[in-house]
Amino acid sequence: MTDYLLRAARPLGGDPTDLLLRDGVIAATGADAAREAGPDAVTVDADGLVALPGLVDLHTHLREPGREDTETVFTGTRAAAAGGFTAVHAMANTTPVADTAGVVEQVWNLGREAGWVDVHPVGAVSVGLQGEMLAELGAMATSAARVRVFSDDGRCVSDPVLMRRALEYVKAFDGVIAQHAQEPRLTEGAQMHEGAVSAELGLAGWPAVAEESIIARDVLLAEHVGSRLHVCHLSTAGSVDIVRWAKARGIDVTAEVTPHHLILTDELARSYDPRFKVNPPLRTAEDVEAVRAGLEDGTIDIVATDHAPHAVEDKDCEWPAGAFGMTGLETALPVVIETMVETGRLSWSDVARVMSVTPARIGRVQDHGRPVAVGEPANLTLVDPTVRRVVDPAAQATRSNNSPFAGTELPGQIMATFLRGRATVLDGAPVAREEVGA
Ligand SMILES: [Zn+2]
């Protein structure tokens, strides 16, 4: 295996140092790194680049099995590596649904074969995402995929009895229920955030209370049961307030925000361009400010992409017919740099915390989100924060092109990513490899 000598990288944005990657770990730093590097070590000029622990996404849709026309485990994890990730959690709303040990092991194996990042399948909470019968949570937990995160994402576990039973069940193996908080009766036919813009456009609205009422119920259920709850893609100011209250009360709840909810608003629906149609919907500028403040003060624990690839025909259409969802793996860090780092709200070590350390902890993922230090697994990414680039979906590694940031200039470029010391991205591009079975 090739050794890499990273010259003058800045771990967590700190002082420059050399890093030697050997046998899957960070073998040496500082002056020791160059001294111990053999003549065959490949030198990477990392001067000025920020070294972060490889990013960990708790919320990715890889679409395989079932919709390989939009994304596969191979292309989705290649996009993840291009975005600086070394581990992703693959959501369960595939066809078939990942609700058995067999399906989660299939996804886990596809991830291992692809080799871009570590793939951790999320198990469905209910059989077929139908919200009626509990899926084989225990069998998925003890499978080779060792599932710890369970979610019906795309749908809400709206039945409080089923939610209670799921929260109780996962305690046995330290699992967590990741809830897509959306009261279905309050969002029937909803097309966008309910507010002034939806009223003006005449599109059916999606009230903030549809999200907030489920989060309020679920934090109380988690407290009652004494279990772990994770709130997916929190998007409203009221949701931030509820999570803040729950944490102050000592409830074991964590929450995520997506990059797009940190920057985009419902004003974009005026374009009628379904690229801006997403679930939960883009909210108001006040909500954007509230989620930024929540991420800054730690109420919101992590950033998760909700990368949701879609076919051209599902996005190149009228707004009401458009599918919900946006790609996000390759723009996540740039959006966080733009909204949180360049505004002085998060340091680089905070970025490592919200995009690597804490998501790894919530997902109970070993070997990721570790310090950039000698003896630690060499799961790293190098980012150039000074570069500004215009997003071009055609140039991205994902198979789909439904990025809401197409044509937008964003800061930051991933220059290299290493998975256990093996380069998955070098010189700013994924390392060329053949897709297995493509
Ligand atoms: Zn969701």
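Scanning the stretch 242-275 for residues that are hydrophobic (A, V, I, L, M, F, W, C) and either under 26 Å from GLY175 (Cα atoms) or in contact with a strand residue (DSSP E or B) (Cβ under 8 Å, 6 or more places away or on another chain) (or both) yields ILE242, VAL243, TRP245, ALA246, ALA248, ILE251, VAL253, ALA255, VAL257, LEU262, ALA269. Taking VAL253, is it within 16 Å of the ligand (Cβ to nearest atom) and under 20 Å from GLY123 (Cα atoms)? So VAL253 does not fit the description; no. Here ASP153 qualifies as within 13 Å of the ligand (Cβ to nearest atom), at pLDDT 95 or above and either among the charged types (D, E, K, R) or over 24 Å from VAL365 (Cα atoms) (or both). Would you check if there is a residue in the stretch 390-401 being over 20 Å from GLY325 (Cβ atoms), touching a strand residue (DSSP E or B) at 6+ places or on another chain (Cβ under 6 Å) and modelled with pLDDT of 95 or more? For the stretch 390-401, residues over 20 Å from GLY325 (Cβ atoms), touching a strand residue (DSSP E or B) at 6+ places or on another chain (Cβ under 6 Å) and modelled with pLDDT of 95 or more: present.
Here is a yes/no grid of residues against (1) under 18 Å from the mean Cα position of the chain (by Cα); (2) under 17 Å from GLY24 (Cα atoms); (3) of a type in the set (Asp, Glu); (4) surrounded by 17 or more Cβ atoms within 10 Å (Cβ to Cβ):
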| position | (1), (2), (3), (4) |
| --- | --- |
| ALA397 | yes, no, no, yes |
| ASN401 | yes, no, no, yes |
| PHE405 | yes, no, no, yes |
| GLN413 | yes, no, no, yes |
| THR417 | yes, yes, no, yes |
| GLY421 | no, yes, no, yes |
| PRO430 | no, no, no, yes |
| GLU434 | no, no, yes, no |
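Reported count of residues in the stretch 156-208, each being within 16 Å of the ligand (Cβ to nearest atom) and free of Cβ contacts under 8 Å to residues at least 24 places away in the same chain, is 1. If you check ARG63 against the conditions, is it more than 16 Å from the ligand (Cβ to nearest atom) and not aromatic (Phe, Trp, Tyr)? Here the answer is no, as ARG63 does not meet what is asked. Restricting the stretch 84-116 to residues that are away from the ligand (no atom under 16 Å from the Cβ), outside any helix (DSSP H, G or I) and touching a Gly at 6+ places or on another chain (Cβ under 8 Å), which is most open to solvent (accessible area, probe 1.4 Å)? It comes out as THR95. In the stretch 136-149 there is at least one residue that is in a loop (DSSP other than H, G, I, E, B), touching a helix residue (DSSP H, G or I) at 6+ places or on another chain (Cβ under 7 Å), open to solvent by less than 20 Å² (accessible area, probe 1.4 Å) and more than 16 Å from ALA178 (Cα to Cα).
Inspect the stretch 229-236 for any residue being part of a loop (DSSP other than H, G, I, E, B), among the β-branched types (Val, Ile, Thr) and within 16 Å of the ligand (Cβ to nearest atom) and give the result as yes or no. Among the residues of the stretch 229-236, at least one is part of a loop (DSSP other than H, G, I, E, B), among the β-branched types (Val, Ile, Thr) and within 16 Å of the ligand (Cβ to nearest atom), which makes the answer yes. When you scan the stretch 303-326, do you find a residue that is closer than 19 Å to THR381 by Cβ, open to solvent by 10 Å² or more (accessible area, probe 1.4 Å) and assigned to a helix (DSSP H, G or I), even just one? No, the stretch 303-326 has no match at all.
The values are calculated or read from the model by the stated rules, or taken from the named source; none is laboratory data. A quick note: this is a predicted structure, and the numbers were derived from the prediction, not measured. As a convention, Cβ positions derive from the backbone with ideal geometry for all residues, glycine included, and neighbour counts pool all protein chains shown. Just the protein is used for accessible areas: all its heavy atoms, side chains included, with ligands, DNA and RNA removed. Shrake-Rupley method; radii C 1.70, N 1.55, O 1.52, S 1.80 Å.
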